[in-house]
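Encoded as structure tokens, here's the structure I'll be asking about.
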Amino acid sequence: MIAAILRFSLIQRLMIGLVTLGITAAGIWSFKSLPIDAFPDISAPQVQVIIKAPGMSPTEVEQRITFPIEMEMQGIPGQTVLRSTTKYSLSVIVIDFEDDMDIYLARNLVTERLNQVWSSLPDGIEGGLAPITTPLGEIFMYRIIGEDYTNQELRSLQDWVIRPHLRKVEGVADVNSLGGEVRTYEVAIKPKALVKHGISIDEVEHALMQSNRNAGGDRINQNDEVLLVRTVGKLQNIDDIKEITVRTRYGEPVHVSDVADVRVGSMTRYGAVTADGEGEVVTGLVLLRKGANSLQAVAGTKEALESLKAILPQGVSIESFYDRTDLITEAVWTVEKALGEAVILVLLVLIIMLGDIRSALTVALILPLSVLFTFIMMKLFDVSANLMSLGGLAIAIGILVDAAVVVVENIHTQFSKAPEGVSRLHLVYRAVMEVSSPVISGILIIVAVFLPLFSLTGLEGKMFSPLAITITFALIGSLILSLTVIPVLASLFMRVHARGHADQADGRLMRVLKFLYLPMMEAALRFRKSAVLLALVALIATATLFPHIGKEFMPIMDEGSTVILLEKDPAITLEKSLQKDAPIQQAMMELPEVIGVTSRTGADELRMDPMGLNQTDNFLVTLPREEWTISLQQFQENLREKLSRFDDIDYAFSQPIDMRVSEMLTGVRSAMAI
């Protein structure tokens, strides 16, 4: 079969050239359309049930909400993990499923069970399933800045203008609101006034409920036209609330304003956001839909924010303080740079070792073609481009040329010793057939080395399978191209030397290396027992050093962003917690590398991150690393020195993705938990 494929390739050289151009175009298109992220998605299909129970203590929430829901969720098909977090007024139940479970099927199964238990839960609770995102879905964070606007007004702008606009962006699962105050209208009853008018609280509540609605009527035909009749009773402002009639007494109406004070207030807050030591701010957090392209989602978010500038009130602006694009761009550039450097180094080595620039360039073409072939396969098999998958390509660069080097080197040898009258195509065919079996065997052996990585499951499988997949694709692509495209290119561009120039088969460097190597090989063959003994001694010496090498599952990735986690007195109030954050922010901003600090205290609006009022995440906005005059380690030491001034806090350093990975796997944010 190999002979038939090779004959077809050499006979149909134009077709092979067109196929190569097709692979190039398809590879470029595939790379541009691949989902790109900095980190592989290692999360299992996960469904969160979030229940808000205003006013209920943690014990009551656990007994009346969390425990009944957990019992109902037992035994769902495909379930692997069931855990919960119960706090004041909040219950969060997390259900993880097997890796092959469809997320939408998982959500349907959880919804069915939740509907079955909902009627037995206390009245007044609200909630349901969290958005279809992953623990690594926080891709863009922004703050709303408005001169002469209150935080309540900015929060209304976020909830009613910005958030609905961003939710329409492709790939966005939801937009979480944090900070500010949610506007409410409060009716504060005056007990003495109730007694005076003989009215109960229930009557006031009933009047408010009945007076806040529109009523549809019928239609009237008049002058050949249809007029629709309706009653408008929806409340529009505070004055409408004040004028609601509670009861008519002695022929005079008693209004709400007669028995209560009506004012603008805010909902009970379970968290807040402060920034730069200057007080509270309003922020938004864009969540990526599971399986979506994070790079395109962030780009769409930025375009949507840009289009909002035309409708935002004067003096209001939106400023980002975390952008996943920075990390993705840096990670992809790191891998692309490594690939480019590897290609150049391989090309230089080939020119030096082969001693013929045409042969070296023919071999070097295998690198971009194999990489483009890999991108096509990644697109077909839904493998995203990230540090692990692209890193696999960087690792495989040196291996990809193996097959092509063997093929081209043998063609070069055949051309250097070509007898008179033999056609170029016949020489290429004979050279390739001579080495086809060892080339195929060598590549398959290398592929077999990576097969154990495909057997990994869980976190290890999700982490390392992209690496194994891309290396396998690249090796298979290099093998196919080495036996089809490379022979065609060699027949077109490589020169056939006259028989008198057979010594040109080896370059100068190869002749020097052979001069040094052949005597050593002859000595090893002459003293075989000594050579084997020396190899065994080296092996044993290496084995004794292995236990002393440090080990870890994976080195910590520098995301380019720093998050400082703070813990305060568990009984602290929200107001006191925010008050303590201000001097801490100011202390951190004394460092020249820090240009901003945004601190999230307590729970967010969707309750996807149910922190306590004593917990604060500080997101540091820093200068670009190239403008730093110190190392990252020294920067962290300087931060520790600043934070050591405060005795009543505990702190830890983390990063946005690192923090969420730890929380996803164990339910806590630390590398170690008791």
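Here are some residues: 170, 98, 138, 70. Which one is acidic (Asp, Glu) and farther than 30 Å from residue 296 by Cα? Walk me through how you get there before you give the answer.
Numbers: 170 fails: farther than 30 Å from residue 296 by Cα; 98 fails: farther than 30 Å from residue 296 by Cα; 138 fails: farther than 30 Å from residue 296 by Cα.
Just a single option satisfies the conditions, and that option is 70.
Another one. Considering only segment 113-182, give the strands (runs of 3 or more DSSP E) lying wholly within it that have at least 3 residues that are farther than 22 Å from residue 312 by Cα and out of contact with any His (no Cβ under 9 Å at 6 or more places or on another chain). Walk me through how you get there before you give the answer.
Values: elements: 126-129, 133-146, 172-178.
So the answer is 126-129, 133-146.
Can you pull out the residues in segment 344-363 that are closer than 21 Å to residue 483 by Cβ and surrounded by fewer than 21 Cβ atoms within 10 Å (Cβ to Cβ)?
Passing the criteria: 346, 358, 361.
Hey, another quick one. State which residue is modelled with the highest pLDDT when the search covers only segment 392-403 and only residues that are open to solvent by 10 Å² or more (accessible area, probe 1.4 Å) and closer than 15 Å to residue 468 by Cβ.
399
So how many residues does segment 110-126 have that are farther than 17 Å from residue 173 by Cβ and open to solvent by 30 Å² or more (accessible area, probe 1.4 Å)?
Here is the first cut: in segment 110-126, the ones farther than 17 Å from residue 173 by Cβ are 112-126.
So of that shortlist, the ones also open to solvent by 30 Å² or more (accessible area, probe 1.4 Å) come out as 112-113, 115-116, 118-120, 123-124, 126.
Selection size over segment 110-126: 10.
Here's a follow-up. Under 7 Å between Cβ atoms, at least 6 apart or on separate chains: pull out the pairs that start in segment 90-106 with a residue that is crowded, with 18+ Cβ neighbours inside 10 Å and end on any residue that is aromatic (Phe, Trp, Tyr).
Correct list of pairs: 106/97.
Looking at 319, 341, can you tell me which residue is of a type in the set (Asp, Glu), surrounded by fewer than 23 Cβ atoms within 10 Å (Cβ to Cβ) and without any contact (Cβ under 8 Å) to a residue 24 or more places away in the chain?
Working: 319 fails: without any contact (Cβ under 8 Å) to a residue 24 or more places away in the chain.
It is 341.
Please go through segment 404-416 and pick out each residue that is in contact with a Leu (Cβ under 9 Å, 6 or more places away or on another chain) and open to solvent by 60 Å² or more (accessible area, probe 1.4 Å). Steps first, please.
Taking segment 404-416 and keeping what is in contact with a Leu (Cβ under 9 Å, 6 or more places away or on another chain), we get 404-405, 407-409, 411-412, 414-415.
If the condition is that a residue be in contact with a Leu (Cβ under 9 Å, 6 or more places away or on another chain) and open to solvent by 60 Å² or more (accessible area, probe 1.4 Å), then 409 is the only one that fits.
Now a separate question. Check segment 306-314 and report whether any residue there is touching a residue at least 24 places away in the same chain (Cβ under 8 Å), in contact with a Phe, Trp or Tyr (Cβ under 7 Å, 6 or more places away or on another chain) and open to solvent by less than 30 Å² (accessible area, probe 1.4 Å).
Within segment 306-314, not a single residue is touching a residue at least 24 places away in the same chain (Cβ under 8 Å), in contact with a Phe, Trp or Tyr (Cβ under 7 Å, 6 or more places away or on another chain) and open to solvent by less than 30 Å² (accessible area, probe 1.4 Å).
In segment 605-624, is there at least one residue being surrounded by fewer than 20 Cβ atoms within 10 Å (Cβ to Cβ), in a helix (DSSP H, G or I) and not charged (D, E, K, R)?
No, segment 605-624 has no match at all.
Considering (1) open to solvent by 40 Å² or more (accessible area, probe 1.4 Å); (2) of a type in the set (Gly, Ala, Ser); (3) part of a helix (DSSP H, G or I), say which one residue 300 fails and leave the rest.
(1)
Further question: Only one residue in 45, 40 is in contact with a Phe, Trp or Tyr (Cβ under 6 Å, 6 or more places away or on another chain) and open to solvent by less than 30 Å² (accessible area, probe 1.4 Å). Which one? Can you show your working first?
Working: 40 fails: in contact with a Phe, Trp or Tyr (Cβ under 6 Å, 6 or more places away or on another chain).
Selected residue: 45, the only one of 45, 40 that is in contact with a Phe, Trp or Tyr (Cβ under 6 Å, 6 or more places away or on another chain) and open to solvent by less than 30 Å² (accessible area, probe 1.4 Å).
Shifting gears a bit: Residue 373 fails exactly one of the following numbered conditions: (1) in a helix (DSSP H, G or I); (2) of a type in the set (Phe, Trp, Tyr); (3) within 24 Å of the chain's Cα centre (by Cα). What is the number of that condition?
Just one mismatch for residue 373, condition (3).
Can you tell me which condition residue 378 does not meet? The list is (1) closer than 30 Å to residue 563 by Cβ; (2) crowded, with 20+ Cβ neighbours inside 10 Å, and all the others hold.
The one condition residue 378 does not meet is (1).
The values are calculated or read from the model by the stated rules, or taken from the named source; none is laboratory data. Small disclaimer: the values here were computed from a predicted structure and weren't measured. Here the Cβ is made from the backbone with ideal geometry for all residues, glycine too, and neighbour counts use every protein chain on show. Quick note on the areas: whole protein, heavy atoms, side chains included, nothing else; ligands and nucleic acids left out. Shrake-Rupley method; radii C 1.70, N 1.55, O 1.52, S 1.80 Å.
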